[in-house]
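Here is the structure we will look at, set down as structure tokens.
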Amino acid sequence: MSFSLDTIQLQELQDVYAQVANLFIFCVDEAGKRMTEMSGNPEEIGRVVSLLDEMQIRAAINRVLFNSVEEQVIENTEYPNMKIATVGVRVGGRVAFAWFICGIGPDEDHENDITNFESTIPLYKFNAAVDLIREVSNRIYGETFMAANAVAEAERAKDSTEEMEKALKRSEAMTGVVSQLGSDEAFEVIANKVLDYTGRYADISHAYVLRPNRDGNGIDIIGSYVAPGQSPLDPVIEIMSQSFLGQIGDQTKIISYRTRIDEKNRDWLDSIGISAAVAIPISINGKTAMYAFYVDDKLNREWVMDEVKFFGDATKVIQSSATNRIQRNSITSSYKSLETILDNVGSAIYVRDVNSSNIVYVNRMCKNTFEKELTSGSIVGLFEEISRYNTASSYREVNYKERNRWYDVTSTNMTWVDGRKVVLYAIIDVTEKKQYQRKIEQQANNDFLTGLYNRMCCERDLLRIVDEAKESGGKGAVIYLDLDDFKHINDGLGHQYGDVLLKAISNSLQRIHGVENTCYRMGGDEFVILVPHTSYDRFEEILENIRIVFNKPWFLKGADYYCTSSIGVVTFPDEGETVQDLIRKADIAMYTAKKSGKNKLAHYTDSSDDEAYRRLDMEKSMRAATATDYDQFEVYFQPIVDITKPGNPCTGAEALIRWNSVELGFISPADFIPLAEYLGLINPIGLHVLKKACEAVKHWNENGHPYYKVNVNLSVVQLMQTDIVESIARTINEVGVNPRNLTLEVTESLAINDMERMKKILGEIKKLGIRIALDDFGTGYSSLNHIREIPLDVIKVDQTFVTDLATDQYAQSFVRMIGELADALGVRVCVEGIETVEQFRALENMNIRMVQGYYFDKPMPQEDFEAKYLV
């Protein structure tokens, strides 16, 4: 379907965003043509335009508009404090338009900096501002497109339904017309009934059966139909139609308001208020004996082919009845006429004798469509009801599963041409109508990407399943799943691979026995599984099968990737009975699992509510803390010592983030880091820590400790950013730190999850002169081959192997083996988590040089660290 854009709305949106974020923005359509004027500080727009490189602008726009993979491009310019970006907005699977965004950073006295600008934005906030306008645009215009598409589908479904209803109306009317063939009533009565069925079906004002007088001087009205609210035209018809009908002869005459006819006849039709007419001769024994005259007084009336065909069929019934009166003993002739009519009514028809139950007639369409059923006799059980003879007519809907078809069946009691009492069955194929209805229902209940049921269907089914559990005295459960780090795969590999992963996970969940039909996608990367009371006896088995699904890697883009999930569980009716309450509690339990380290499962407890309120307070405070600056996020330093030298001197420190919230006080990293990742704030916070750590080590190097180094952790989110290398390079350049004194730590599981990508990124970071450390070694899935492939400088042994180091032979062997491996690879080893003298002494003769832990010192603020170690 087409999708139109409101340029005024786009202009207003970009004006507001440019003013709030201190940016310069304009919009282009899918062909790259400008749709809006540039927004921003009016006094500075002209200067921005003069500074921009038109070729770079066009290249950035074209990368988004004409590339099926890239939706967002962020680039540097020749000016250090100017960045540009292009954001594509997709609706219906294609880029509908794109934003061009320019940001000017503050003047920091760099060479070629742009100076004297009022509208500036810190460049470390530029990416977040670009991400926000993409998310807002996709929500506004993506949902608008989906709504417009749903309306269009509904309109098409409505049109199809209307067509089927018209066909059903025609079939019912023709059934009534045909039923007059066997009538013993007077011809005038039959003619009136046929005209009545025809007039009501075609919605015309009048219909007549006219016969010229035998002396040729006038017209006799044999039958008539006058629509409700209309006046009869009898006197006028009798007087004025003679000359008009006399011109027809034996040919059908069709006149609408557009038809050119002689002036006399047009004046005659106008004088009686008729805009359209159809006159059909009725022949008896080869001669025109009467006329059927169908007229309408509606303004600008034009006939459609179905109406004219219906008039012709109805007229044949009148003609057959008249002939039957003249040739009453000629049953064969009447039957042939009836057969001709029924073979052309557009529906399958068969007739059964009431007394003998034998089928006495089958029309051509019925023979062609239901040949097998007629031969086997199964057609009776397929389309008929036991009470078929109790009423004059009936209607039913039949689902013929063997053919996967739907039919509307109308039955009518009547007298056959030979006087027998029969039932006539008219069958219409309405499968297309049903398919449209099913499609609309599927769009309302199913997620379009994965095919799983959606949130609305989940809430409806949960209400029913809870009621069933309460009625049976049983128990059920709600399982809430949120994928861990899905955003990194989605952004790193591209949205198309993120979609592939969501589909694969959905298919795997649907194959779990007991919940095959109760899996739902709530949106994004969140899923819900309902365990009804009938499956609760295998509840633990279901949970284990879910764990198995996420313990295996997913094959994406030619490589294996791990994507785990955090799972929250709540049971009913003991822990809740309402839909909103159960989903809320399951969501709370899920977040508890995610906070405890991801790839975990947590059950809802009474204390979970308190945790949920605390989470909301933390979220509110965190957003406030990152809205203006990051001063509430403090960097602590834990010393790293060299145990191979006398006195175990300090050689540097690891930078560790602490949040000293204005509202909530000190908050543990274990509490706020998962929340920061969940809210998408970990990237700017991580860059803040990196900058502060670089500033600190530069200060140390310049004040008597030129060889002090600082270690900084890089989060999964940061490493998956396409501009991570540029961001690091920009930070060390801005601070002026010696890159050889900076060590960046990456976790083991992250490093091996996308080996080729990590090798490339870490290799580029190494080119900057920065050292790389592999953190938490021993907790992931590394092989020795992986260790050799990664460009490492330091291996950090996880503290889980240190806890029992003084007494556990396995732990001692493991640390000793790592020391020997590091020596062979030419890298250093740092053991973290040393807290006791026994652990420290166990490291003797293990080829270990660097150590950190509470035995030597705890993490401390920068001023405390410098007071103790900068002497």
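The values are calculated or read from the model by the stated rules, or taken from the named source; none is laboratory data. Quantities reported herein were computed from a predicted structural model and do not represent experimental measurements. Cβ: placed from backbone, ideal geometry, glycine included. Neighbour counts: every protein chain shown. Quick note on the areas: whole protein, heavy atoms, side chains included, nothing else; ligands and nucleic acids left out. Shrake-Rupley method; radii C 1.70, N 1.55, O 1.52, S 1.80 Å.
Things to note:
- For segment 497-640, relative contact order (Cα pairs under 8 Å, six or more residues apart, normalised by length) works out to 14 percent.
- Normalised contact order of the chain, rounded percent, pairs of Cα under 8 Å and 6 or more residues apart: 6 percent
- Within the chain, longest stretch clear of exposed trypsin sites (Lys or Arg not before Pro) (DSSP loop, no more than 14 other Cβ within 10 Å): 512-871
- Nonpolar atom fraction for segment 1-94, defined as the carbon and sulfur part of the 1.4 Å probe accessible area, stands at 51 percent.
- Dipole magnitude for the chain: about 3340 debye, using +1 per Lys or Arg Cβ and -1 per Asp or Glu Cβ, origin at the Cα centre.
- Dipole of the chain, positive end: most advanced residue of Asn701, Val716, Gly474 [Cβ charges, Cα centre]: Gly474
- Lys/Arg +1, Asp/Glu -1 at C-beta; segment 447-559 dipole; positive extreme among Phe555, Cys519, Ser535: Phe555
- Surrounding net charge for Leu10, when Lys and Arg each add one and Asp and Glu each subtract one, Cβ distance under 12 Å: -4
- For segment 798-870: rounded, prolate or oblate by the Cα gyration tensor [a/c cutoff 1.5]: oblate
- A 1.4 Å probe run over the chain, with the rest of the protein chains in place, finds 47 Å² accessible per residue.
- Positive-end residue of Phe633, Ile732, Val351, charge dipole of the chain with Cβ unit charges: Val351
- Candidate values (1) 64; (2) 51; (3) 69, label of the one derived for percent of Cα pairs over 37 Å apart: (1)
- Annotation for segment 585-689: GluC sites (Glu not before Pro) lying in DSSP loop with at most 15 further Cβ atoms inside 10 Å of their Cβ are Glu663.
- Cα-based helix-to-principal-axis angle, 809-825 vs the chain, degrees rounded to 10: 90 degrees
- Degrees, to the nearest 10: 579-595 long Cα axis against longest axis of the chain: 30 degrees
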